[in-house]
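Shown next, in structure tokens, is the structure this report addresses.
The values are calculated or read from the model by the stated rules, or taken from the named source; none is laboratory data. What you see is a predicted model, and the numbers here were worked out from it, not measured in a lab. Cβ: placed from backbone, ideal geometry, glycine included. Neighbour counts: every protein chain shown.
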Amino acid sequence: MNPGGADQSSRRSPTAEQLRVWRSFAETSERLKNIVAVQLQDDSALSTGDYAVLVALFEQPDRRMRSSQLAEHISWQRSRLSHHLGRMEKRGLVTRETAVDDSRGAVIALTPTGAAMFRKASPAHLHTIHDTFVAALDARQLAAIDDAMRALDTHLNGSPEDR
């Protein structure tokens, strides 16, 4: 028996090559996200969290979403979103309103200030994404990344037994 108590025959570990690919993916993704985040902050005084909330709200026809839907949409826990929204409210980017159909629920609304900041930040942010990500890859590589991300998303959205 091994020290952890798990049966070694049922444990799946990556090969050295798979681990190398994982580390490359994780480290490069983190570096890329940091570069984009710093540039967004420098260009617009928005964090990537601010931008994620603003873009989600901006894409809605009425520029509002229930907080639970917003949390799911940007893949955040509700408590994290609630704290972040409090900071955004203080800056005048969003407002919280009581849901008409459920007094316990909240609807998050994009303010005119939030919409203006989003519109102002987007061109430079999109240029940064182009310059740091898109420009480094050809069409075949972009398609391969898209295919890989879709496969990962499908896998992660499957049942725990599938993993």
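Among the residues of region 121-148, those identified as surrounded by 12 or more Cβ atoms within 10 Å (Cβ to Cβ), among the small types (Gly, Ala, Ser) and either more than 30 Å from Leu93 (Cα to Cα) or under 18 Å from the mean Cα position of the chain (by Cα) (or both) are Ala121, Ser122, Ala144. Just name the residue that is farthest from Ala45 (Cα to Cα) out of those in region 85-117 that are modelled with pLDDT under 95 and part of a loop (DSSP other than H, G, I, E, B). Among those residues, the one meeting the criterion is Asp101. Remark: Arg31 falls outside the filter, which requires a residue to be basic (Lys, Arg) and under 28 Å from Arg104 (Cβ atoms). Condition first: outside any helix (DSSP H, G or I) and either touching a His at 6+ places or on another chain (Cβ under 7 Å) or among the basic types (Lys, Arg) (or both). Can you find one or more residues in region 9-24 that meet it? Within region 9-24, one or more residues are outside any helix (DSSP H, G or I) and either touching a His at 6+ places or on another chain (Cβ under 7 Å) or among the basic types (Lys, Arg) (or both).
Any idea which of Ser82, Ser68 is part of a helix (DSSP H, G or I) and touching a strand residue (DSSP E or B) at 6+ places or on another chain (Cβ under 8 Å)?
On the way: Ser82 fails: touching a strand residue (DSSP E or B) at 6+ places or on another chain (Cβ under 8 Å).
Being part of a helix (DSSP H, G or I) and touching a strand residue (DSSP E or B) at 6+ places or on another chain (Cβ under 8 Å) holds for just one of Ser82, Ser68, which is Ser68.
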